[in-house]
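Since the structure comes first, as structure tokens, the remarks are kept for the end.
The values are calculated or read from the model by the stated rules, or taken from the named source; none is laboratory data. Given the structure is predicted, the values throughout are model-derived calculations rather than measurements. Note that each Cβ is placed from the backbone with ideal geometry, even for glycine, and that neighbours are counted across all protein chains shown.
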Amino acid sequence: MSDLHWKTAITKVEPNKLTVRGYELDKLIGRVSYAQMVYLLFKGELPSENIGKMVEAILTSSVDHGTTPPSVLSALTVASTGAPLNAAVAAGILSISKFHGGAIEDCMYILRQGMELVKEDHMDFESAAEKIISDYRSAKKRLSGFGHRFHTRDPRTRRLFELAEEYGVAGDYVKLANVFVNMLKKITGKELPLNVDGAIATLLCEMDFDPVLANAFFMISRIPGLVAHIYEEKTRQKPMRKIHPTDVEYDGPEDRVL
């Protein structure tokens, strides 16, 4: 065996046969959802139906947030130069980092730290939240996942938590996240509701995902939105235009009912 030999536990490729995590891919087609495949790839096992639905909801929740996020503005700017689709998408993805999308990972660490205080130091939820908030304020660090530049009550958070209850996913992390919101108001006097990043972080903690994967959920979710904006830029706008970040008017369909 050569020194260059290495191993992978993800996909096995053989003549006329493709196996993902031990499952024949053609047998999965039409039987499992895209979200269940994401879970299988990340965790190595197929999720239950409800966990698969929860992952699906998470991926839907961040699919787009208009033209103002840095990822969309970056993608539009590159698309406006005449660059191909892959380059424009790559520009958008490369803009997803610590301050744009990265809040999911940071919030997961905050919540895991709080749960550690509860389980190992035997604190109640309120005391754990109060300690972490006080420590962050003393260090002048931002508590990621709480508050939003646009929404005073993020509608995506409410819906994700409703579904988490319905699917049996909601547990101690959801309780802890809500305690954080109440404690933040008590300490700061401000309404700093859990935003969608915080909600996703909470539910990823409930499903025991590694925080290292947190940003992946935001990126996978956001790609369809990026592609839609890039396509519109290429088919509707003039090349090499000056793109104003906020002087934009929506002219799509009015409110529709499912």
Got at least one residue in segment 14-31 being in contact (Cβ under 8 Å) with a residue 60 or more places away in the chain and β-branched (Val, Ile, Thr)?
no
Exactly one of Glu126, Glu130, Glu191, Glu165 is loosely packed, with under 13 Cβ neighbours inside 10 Å, more than 20 Å from Glu105 (Cα to Cα) and at pLDDT 95 or above, and that residue is Glu165
Just one of (1) assigned by TED's automatic domain parsing to the domain that holds Met108; (2) surrounded by fewer than 13 Cβ atoms within 10 Å (Cβ to Cβ); (3) among the hydroxyl-bearing types (Ser, Thr, Tyr) trips up Tyr250, so point out which.
(1)
If only one of Ala90, Ala83, Ala57, Ala35 is modelled with pLDDT of 95 or more and touching an Asp or Glu at 6+ places or on another chain (Cβ under 9 Å), which one is it?
Ala35
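So which of Asp154, Asp64 ends up being within 30 Å of Met240 (Cβ to Cβ), out of contact with any Asp or Glu (no Cβ under 6 Å at 6 or more places or on another chain), in contact (Cβ under 8 Å) with a residue 40 or more places away in the chain and acidic (Asp, Glu)? Can you show your working first?
Details: Asp154 fails: within 30 Å of Met240 (Cβ to Cβ).
Among Asp154, Asp64, only Asp64 is within 30 Å of Met240 (Cβ to Cβ), out of contact with any Asp or Glu (no Cβ under 6 Å at 6 or more places or on another chain), in contact (Cβ under 8 Å) with a residue 40 or more places away in the chain and acidic (Asp, Glu).
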Among (1) within 30 Å of Ala83 (Cβ to Cβ); (2) of a type in the set (Ser, Thr, Tyr); (3) without any contact (Cβ under 8 Å) to a residue 40 or more places away in the chain - the single one Ser221 does not satisfy:
(3)
Number of the condition not met by Gly145 [criteria: (1) more than 23 Å from Pro69 (Cβ to Cβ); (2) without any contact (Cβ under 8 Å) to a residue 60 or more places away in the chain]:
(1)
Would you mind listing the helices (runs of 4 or more DSSP H) fully within segment 104-205 where at least 3 residues are touching a strand residue (DSSP E or B) at 6+ places or on another chain (Cβ under 8 Å) and under 28 Å from Lys53 (Cα atoms)?
172-188
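Could you check segment 1-43 and list, in sequence order, the residues that are part of a loop (DSSP other than H, G, I, E, B) and either crowded, with 17+ Cβ neighbours inside 10 Å or of a type in the set (Lys, Arg) (or both)?
Kept after step one, since they are part of a loop (DSSP other than H, G, I, E, B), are these residues of segment 1-43: 1-10, 15-16, 21-22, 29-33.
Scanning segment 1-43 gives Lys7, Arg21, Arg31, Val32.
For segment 143-157, what are the residues that are surrounded by fewer than 13 Cβ atoms within 10 Å (Cβ to Cβ) and basic (Lys, Arg)?
As a first pass, look at segment 143-157 and keep what is surrounded by fewer than 13 Cβ atoms within 10 Å (Cβ to Cβ): 149-150, 152-153, 155.
Matches in segment 143-157: Arg149, Arg153.
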Would a scan of segment 44-62 turn up a residue that is part of a loop (DSSP other than H, G, I, E, B) and of a type in the set (Val, Ile, Thr)?
no
Under 7 Å between Cβ atoms, which residue pairs at least 6 apart in sequence (or on different chains) link something in segment 171-185 that is touching a residue at least 24 places away in the same chain (Cβ under 8 Å) with a partner that is in a helix (DSSP H, G or I) and among the aromatic types (Phe, Trp, Tyr)?
Val174/Phe161; Lys175/Phe125; Leu176/Phe125; Val179/Phe125
Under 7 Å between Cβ atoms, at least 6 apart or on separate chains: pull out the pairs that start in segment 104-116 with a residue that is within 18 Å of Ala216 (Cα to Cα) and end on any residue that is charged (D, E, K, R) and part of a helix (DSSP H, G or I).
Ile104/Asp197; Cys107/Asp197
Test: Arg159 is among the basic types (Lys, Arg), in contact (Cβ under 8 Å) with a residue 60 or more places away in the chain and more than 21 Å from Ala216 (Cβ to Cβ)
yes
